[in-house]
Structures are given as C-alpha cells and as structure tokens.
1. What is the helix-to-structure angle for B:151-164, meaning the angle in degrees between its Cα long axis and the longest Cα principal axis of chain B, kept from 0 to 90 and rounded to the nearest 10?
2. Sorted from largest to smallest, which semi-axis lengths in Å does the alpha carbon gyration tensor of the protein assembly as shown give for its equivalent ellipsoid, taking the root of 5 times each eigenvalue?
3. With the Cα gyration tensor of region A:6-300 giving a ≥ b ≥ c as the square roots of its eigenvalues, does the rule (a/c under 1.5 for rounded; else a/b larger than b/c for prolate; else oblate) give rounded, prolate or oblate?
4. Just the number, please: percent antiparallel of the DSSP beta bridges in chain A, rounded to the nearest 5.
5. For region B:156-253, which trypsin sites (Lys or Arg not before Pro) are in a loop by DSSP, counting at most 15 other Cβ atoms within 10 Å?
6. Set the bar at 32 Å for Cα to Cα. Now go through A:384/B:137; A:6/B:141; B:42/B:154; A:246/A:349 and name every pair that lies beyond it.
7. Determine the equivalent ellipsoid of region B:91-166 by diagonalising the alpha-carbon gyration tensor, then write out the semi-axes as square roots of 5 times the eigenvalues, largest first, rounded to whole Å.
8. Around residue A:82, under 15 Å between beta carbons, what's the net of Lys plus Arg minus Asp minus Glu among the other residues?
Amino acid sequence: MLGLTKRDAGLLAIVAALCIFAPFILNPFPEGSGMAQFNAGYPDLMQRLVIFGIFAIGFNILFGLTGYLSFGHAAFLGVGSYAAIWMMKLLTMNVIPAIIISVLVAGLFSLLVGYISLRRSGIYFSILTLAFAQMSYALAYSVLTPITGGETGLQPKYTDPRILDGALEGGATPQANLFGLSMKSSTELNIGDWVFTFNAGYYIAAFVMLIAFYLSIRIFRSPFGMMLRAVKSNQQRMNYTGLNSKPYTLAAFVISGMYAGLAGGLLVAMDTQVGAERMFWTASGEVVIMTILGGAGTLIGPVLGAGLIKYMENIVSKINKTVLEQWFAFMPDGIEDLLVTLVYPFVGKGWHLTLGLVFMLVVIFLPGGLVEGGSRVGNMFRRKKTDTDTPAGKTTPAE
Amino acid sequence: MGILEVKNVNKRFGGLQALGNVNLSVAENTVHAIIGPNGAGKSTLLNCLVGKLIPDTGSVMFDGKSVLGRKPFEINQMGISRVFQTPEIFGDLSVMENMLIPCFAKRDGGFSMHAIGSVDTEKDVVEKAKKMLEDMKLYDKRDMHASSMSRGDKRRLEIAMCLSQEPRLLLLDEPTAGMARADTNNTIDLLKQIKEERDITICIIEHDMHVVFSLAERITVLAQGTPLVEDTPDKIKGHPKVKEAYLGETQEV
C-alpha cells in the first residue's frame, strides 16, 4: 500500500488513527473532575504535539540516520516562522503560501549552514551548528529588528498590505485560515461529563504531520536512506566504496532543515506570532532530547519523544502547591506537608527536573529510547507465549 | 605498460623519508605482492595509491590516468578497490545491506538521490547482491548484523563488497593479519578462486610468507622506503638482499 511494506503501512495507520482520535485519547477524564487537569485534548496543546512531532521527525533524518548531531535546528524553525509571518503580512492570511515559503526559505538557509558546518564532523560540527543558531538568534533579536520585530516579535496587523486578501475593516484582527476556514474554529462534542474539542487547525497540522511521517518512512527505506545509515556506520568504507559521503550528509541536513521550517510555518499558521526566543539554543536542545528520548534512528520514536515532552511541559508544569495539597489531603497533616515538600520541586516550574530524571533513566537503561522499551516489553510477552529462545532484545535499526 | 605505474614517488613525514624514489609496475591480470619488514613504507605506498596520501613528488598512473589529487571515492570509481588490514564494513547494517551499498555505488556513481523508491524495488541491484552473497557463501547470514560475524566472515564480506564493484585492481592490505591458520588458508583459497574466475589484477601487501608464496606471481621487496628487488617468488626466496633486509647484515665467516 502506498509503496510501503505491510509493517510500515501498519505503523502509518496506527499513527493516523492516533492523530484522528487524539481529541478523545488525550481527554480521558471528565470535565470538572480532579483529574481534568491532566487532559491534554485542547487545541493549542494538540497542535504543538503534532508540530513538534514534525520537527523531531525531520531532525531524526539527520541525527538518527547519519549520526550528525546538529545543535542548531531551532534556527531553521525560526527562519521558517519568520518567512511564514511575512507571507501573512504581505500576501494573504491563507496558510498555504505561508507554509510553502517557510519550507523553501528554511531549506535555503540550511543549505548555507550545512555547507559550512559539514566541513567538520563530530563535536566540531555540533559546535558550528550551535554557533550559527546563536548568531541567527542574536540577529533576529537585535540587528535585524526591522525584519524580525526584535524583542516584541511579529504579528499580522490589520494595517498590513496583504495584497491578495484586500483591506480588512479597521481594528479587525486578521485570522489565519485555509480558504476561509479559520484555524481557530472548533466543534465541541459533549458526551456525559466529557467534552471533546475538534479543532480545524489541529486536523490540518495532523494531516501535514502524516504526510511528513509518510515521507520519512519512504526516505528510511530508500537507497538514499541506506546510504545515510552507511555514513553513520563507517565513513571510511563508504569513501573507499566509491561513494561521496558529503552530498549525502548535506542532502540529509537540508531535508531536516526543511522539516524544521515546515514546523515553524505551521506554528505561525496556528498561532500567528513569532519571537526570536523560538531560535534560542534551548529550543535546539529540546529537539535533540525529543529524538533521543523517543529513540534516535527509529521511525516512530521522535514522534513519541516530542509528544511526551510537550505533554510534560504543558501538564506537569500546571501542577502547583494547591493541587498537591488536594492530592495528599487524605494523609495526616505532618505527612501531607512532608510529601508536598518532597514532590513540589518536581512539578510546576520544576517540571524540567522531572524531564531530566526521565531522560537520564532512558539514556542509561534504554539507550534505544522509548521504542526500545516498547520492543523489550513486546519481546517479554512474545517469549512467554511461544517459549522459544529468540535472541534477546536487540532492536532492529529502523523499527 | 602495467595497469598500475608508480614512478619516482617520494613521501616525507617531517624528518622521516617514508618513500624514496619508488618505482613499481604492476602488470595486468597478475597477482603482485609487496613485502618488506616493519616500517618499510608498504602502507604509505598503498595510501598513495588510493588517494589517502599525496606523494611529494612522482606520479601514480592507473590505466594511463593519473590518480594524484583525486579523492578516494573517485579513485574507487576508476576501478581500484581496497581491502583493509582490519575489515572495514558497515557494522551496524545487515550483511545484505552491506552488499547492496557497493552494488548501488557501482550502478549510480558517487552520489544519487534515490530518496523515495524502496530498496526492494531496485530488482537488478538486489539480485546482484544476492548472487554475490551466494557465491561467497554468506547468503545464510544475510540478515545478521555485520559486526556480529566472525573475523573470517567479515573479511569474506569485505572482499565480496569490493568485488561487486567489478574493480580492475584489487588492493589488499595484509588481508590475513590476526587470522587463525584455518581462516588464513580459506582466504588464500578464496583469492585463488577470484583470480581464476575474473579478469582482475591483485596487488597484495603481506607479512605472512606462506600467503605471499601461495599467491604471488611477482614480488617486490621494499626496505626503508625503497624497492630492493622485484622478481618471481622462486628467485626472491633465495635472494641475499632479501635475507639481509629481513634478518639484518649477513655475517661473513
């Protein structure tokens, strides 16, 4: 189906099903219950889950396949965002031109950065990409203020020219749309105490992510993808096999830069604003963590990693002292206070601490990321069922 | 004219003259061995042939074309394949994938952007890789991680990968180093078989005299960066200069 093997088609179908039913899956708790704050099924978060999924899928094509660790991918996301917002200011609030131009501009920018950075490998390559990203951030933050809006960033205003859309009524806020369908338009479905929100922007982003995921499967299974894994495995042998490893790594770099630009463009399409902080180095680090956490070099891993991190960022960070006190209210007073004091540093603003611990545990015990964890659990069940001695636990490189 | 012509090649590393006026001619469709004690410059010479090092002076011609200044992948595409002292294979990839990569390199050249079609749909390349694995008796191991194979099998795979590119000159750098006797003999048999079945020139650098004298038709002895003698194996065996190079000054009694 679609030029995929049965197994890959199955994987794509699972991801598609997860995307379609995400409003249900992420909202398991009834409205108004104590657990309702763990519901992640609201449009803003769901959009971020799939958009950062795209970012991580693209990053994985570079890092997972070739092993080149870029520490500057947020720059491409940022450049894509700026390109998209300018399309919205100058041309139209329709998201299609914005998304296309964000991919193209990020592709060109990554071609430049990649061409220079790929003159080195290993740690030097990482440092070069980091330097480029920080320079881009600094430029966007100060020097290029006329183009980037500097500290305040950019939003579409009703006074912008917008050649294709025609003039807006004074004071109206321009809304990003797809041929008139606003990204913010949602339908709510009430079943008992549960409220499920279906948002147009989310489904458009999810559809784009499915295409991005499908393309990444095709790349993984192609001769080109095999060559990229050869780069990671043994560049010496590659060069002595008549293959020029440089254009391969550069192509992978540009492709992953375009994915980052696509993610940046979608971020603007969903929430029409950009700020330079999007290009800060912590944002580049985040996508590295997403990919490793989920499983670098696996197909589904980066999506899982991106989902987990964005979920934690939005949900764990919402747990504050009052919530903790509610949870532990059934305990005797002294113990309640003790528990609240112990748990408090790990939630709310301290959610990074929890993330750090999870990341450490995964890297130490599951070097293959969440995907390896999943396949280990799978193997455990399979062995119990069939009781044959299949070789233990080593995941295939491209699950 | 040999297929490989090395003329007046000099290479200096700081104060060390690694190669001094090396002249070497390898005739087409022969097995030519280069021997010599440690530090004789064998590996330096080999690196000059494949583009890893550039000689200070002199010329290296392959099939009438200079290889100097070309990158290793370009020299490989000209028809020179190299087998390394420790097998260089794609350890993280399966044996089948290891075999597919050189087959793609042969068909598509140094770089090609086949990013959408699946590997399995490239029938001609897949068939070629399968046949090569069958010929090399590695087909049963096609799904293994290449790094988990035995040393002997890795060597076999590496040679198979080189052969699948249909090179005109195969360079082997101590192909039996660190091998058990049985594996060494297998490798000798394999190389003999390759020589019989194909139009190929083999140039081999070796320490193990057993290997050299079982295979070579011509032998060049290198000492202190300079060729001492070049002759047939029978002549080399009893040559006084060779004994001198290997054992030090012969003592007059």
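No lab work stands behind these numbers, since they all come straight from the coordinates. For clarity, every value in this text was computed on a predicted model and none was experimentally measured. Glycine gets a Cβ as well: all are built from the backbone with ideal geometry, and neighbour counts include every protein chain shown.
1. 80 degrees
2. Working: eigenvalues 694, 161, 105 Å².
Here the semi-axes work out to 59, 28, 23 Å.
3. Numbers: a/c = 2.02, a/b = 1.28, b/c = 1.58.
Oblate shape, in that a/c is at least 1.5 and b/c is the bigger or equal ratio.
4. Numbers: 9 of 10 bridges.
So the antiparallel bridges in chain A amount to around 90 percent.
5. Working: sites: B:156, B:168, B:181, B:192, B:195, B:198, B:218, B:235, B:237, B:241, B:243; in loops: B:168, B:198.
When the trypsin sites (Lys or Arg not before Pro) of region B:156-253 are filtered for loop state and at most 15 Cβ neighbours within 10 Å, B:198 remain.
6. Details: A:384/B:137 35 Å; A:6/B:141 24 Å; B:42/B:154 23 Å; A:246/A:349 43 Å.
Violating the 32 Å limit, Cα to Cα: A:384/B:137; A:246/A:349.
7. Numbers: eigenvalues 85, 32, 27 Å².
Value: 21, 13, 12 Å, ordered largest first.
8. Details: positive: A:89, A:278; negative: A:151, A:160, A:271, A:277.
Value of the local net charge: -2.
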